[in-house]
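J.: Mind looking over this structure? Questions follow.
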Amino acid sequence: MSESRIGKLPISIPEGVEVTVANNNVVTVKGKLGTLKQTIDPCIKIEKEEKELVLKVTNDQKRTKSLHGLSRALIHNMVKGVSEGFHTTQEVIGVGYKAQAQGQVLELALGYSHNIFFELPNEIKVETITEKGKNPLIKMTSCDKQLIGQVAAKIRSLRKPEPYKGKGIRFEGEVIRKKAGKAAAK
């Protein structure tokens with residue numbers, strides 16, 4: 001049987017991380033930053049060795065081969081999340097644009113007639129940094145990679161960077177291709 005290149009790589013389990021596999025293929029990963037659960041398709045067999053997890057395919061169907069790499073990536077992200085965590089940083093660019101965190105509520109002033117109050121899930125920790133002369137930053141950390149990516153994309157969608165001046169919310173280091181704009185009439 002041919003296997004996925006990603007799927008056949010073993011997942012090393014670091015110190016302080018506990019991985020349990022229930023008989024209905026529910027993988028539970030516990031670590032210092034939290035607990036995550038994921039249901040894996042029954043066509044993927046999970047074998048736990050000393051400090052490694054190995055995923056094997058049970059048949060040679062195309063769907064199974066596709067799920068092999070996906071399942072391995074999901075479990076690897078869970079192990080990395082509960083041991084190290086994931087973080088993302090976003091910049092709020094624009095005159096008068098502000099971001100302020102109060103507990104699990106993020107208050108954003110993005111040039112609309114009203115402020116936007118965005119409630120974050122409990123799994124995500126947020127902090128805002130406002131320094132004079134610099135753009136406000138929104139820093140989020142979580143053990144769930146999928147959740148933090150989804151929330152960051154939702155925050156960015158509240159005011160996407162526009163192509164003329166670059167105003168809006170963007171990820172730190174993201175490059176926005178700017179347009180020239182209309183030439184001055186003579």
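The values are calculated or read from the model by the stated rules, or taken from the named source; none is laboratory data. None of these values were measured; they are calculated from a predicted model. We place every Cβ from the backbone using ideal geometry, glycine too, and count neighbours over all the protein chains shown. These area figures cover heavy atoms from the full protein model, side chains too; ligands, DNA and RNA do not enter into them. Shrake-Rupley method; radii C 1.70, N 1.55, O 1.52, S 1.80 Å.
J.: Within the range 90-106, is even one residue under 19 Å from Thr141 (Cβ atoms), surrounded by 13 or more Cβ atoms within 10 Å (Cβ to Cβ) and of a type in the set (Gly, Ala, Ser)?
T.: So the first thing to find is which residues in the range 90-106 are under 19 Å from Thr141 (Cβ atoms), and the list is 90-92, 99-106.
From what is left, the residues that are surrounded by 13 or more Cβ atoms within 10 Å (Cβ to Cβ) are 90-92, 99-101, 104, 106.
With of a type in the set (Gly, Ala, Ser) added as a condition, the list becomes 99, 101.
Checking the range 90-106: at least one residue is under 19 Å from Thr141 (Cβ atoms), surrounded by 13 or more Cβ atoms within 10 Å (Cβ to Cβ) and of a type in the set (Gly, Ala, Ser).
J.: Let me ask you something else. Residues that are over 22 Å from the mean Cα position of the chain (by Cα), among the polar types (S, T, N, Q) and more than 16 Å from Lys145 (Cβ to Cβ): does the range 32-47 have at least one?
T.: No, that holds for no residue.
J.: Additional query: Keeping to the range 10-53, report how many residues are part of a loop (DSSP other than H, G, I, E, B), open to solvent by 70 Å² or more (accessible area, probe 1.4 Å), under 23 Å from Ser66 (Cβ atoms) and among the polar types (S, T, N, Q).
T.: Initially, the range 10-53 is screened for residues part of a loop (DSSP other than H, G, I, E, B), giving 10, 13-17, 22-25, 32-33, 40-43, 49-51.
With the extra rule that they be open to solvent by 70 Å² or more (accessible area, probe 1.4 Å), the set shrinks to 15, 23-24, 32-33, 42, 49-51.
Now narrow it down to the ones that are under 23 Å from Ser66 (Cβ atoms): 24, 42.
Those still in the list that are among the polar types (S, T, N, Q) too: 24.
Matching residues across the range 10-53 total 1.
Residue-by-condition table, conditions (1) β-branched (Val, Ile, Thr); (2) assigned to a strand (DSSP E or B); (3) under 29 Å from Lys165 (Cα atoms); (4) open to solvent by less than 20 Å² (accessible area, probe 1.4 Å):
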position: Thr64; (1), (2), (3), (4): yes, no, no, yes
position: Tyr112; (1), (2), (3), (4): no, no, yes, no
position: Asn122; (1), (2), (3), (4): no, no, no, no
position: Gly149; (1), (2), (3), (4): no, no, yes, no
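J.: Which one of these does Asn122 not meet: (1) without any contact (Cβ under 8 Å) to a residue 24 or more places away in the chain; (2) over 13 Å from the mean Cα position of the chain (by Cα); (3) more than 18 Å from Gly34 (Cα to Cα)?
T.: (3)
J.: Identify, by number, the condition in (1) under 22 Å from the mean Cα position of the chain (by Cα); (2) touching a residue at least 24 places away in the same chain (Cβ under 8 Å); (3) not in a strand (DSSP E or B) that Thr89 doesn't meet.
T.: The one condition Thr89 does not meet is (3).
J.: Is one or more of the residues making up the range 162-172 open to solvent by less than 30 Å² (accessible area, probe 1.4 Å), within 28 Å of Pro14 (Cα to Cα) and not acidic (Asp, Glu)?
T.: no
J.: Charged (D, E, K, R) and touching a helix residue (DSSP H, G or I) at 6+ places or on another chain (Cβ under 8 Å) - does that describe any residue in the range 155-168? Explain how you work it out, then say what you get.
T.: Residues of the range 155-168 charged (D, E, K, R): 156, 159-160, 162, 165, 167.
Still in the list and also touching a helix residue (DSSP H, G or I) at 6+ places or on another chain (Cβ under 8 Å): none.
Within the range 155-168, not a single residue is charged (D, E, K, R) and touching a helix residue (DSSP H, G or I) at 6+ places or on another chain (Cβ under 8 Å).
J.: With respect to Gly181, determine if the residue is open to solvent by less than 50 Å² (accessible area, probe 1.4 Å), farther than 18 Å from Ala99 by Cβ and under 13 Å from the mean Cα position of the chain (by Cα).
T.: No; evaluated as a whole, the condition is false for this residue.
J.: Same structure, new question: Only one residue in Gly7, Gly81 is open to solvent by less than 40 Å² (accessible area, probe 1.4 Å) and part of a loop (DSSP other than H, G, I, E, B), so which one is that? Before the answer, list the steps.
T.: On the way: Gly81 fails: part of a loop (DSSP other than H, G, I, E, B).
Criteria check complete, one pass: Gly7.
J.: Among Thr141, Thr128, which is the only one that is touching a residue at least 12 places away in the same chain (Cβ under 8 Å), within 30 Å of Leu70 (Cα to Cα) and either of a type in the set (Val, Ile, Thr) or assigned to a strand (DSSP E or B) (or both)?
T.: Values: Thr128 fails: within 30 Å of Leu70 (Cα to Cα).
Of Thr141, Thr128, the one residue that is touching a residue at least 12 places away in the same chain (Cβ under 8 Å), within 30 Å of Leu70 (Cα to Cα) and either of a type in the set (Val, Ile, Thr) or assigned to a strand (DSSP E or B) (or both) is Thr141.
J.: Any residue at all in the range 44-58 that's charged (D, E, K, R) and closer than 30 Å to Arg159 by Cα? Give the steps one after another, and end with the answer.
T.: Initial filter on the range 44-58 (charged (D, E, K, R)): 45, 47-52, 56.
The next check asks that each one be closer than 30 Å to Arg159 by Cα; those that pass are none.
No, the range 44-58 has no match at all.
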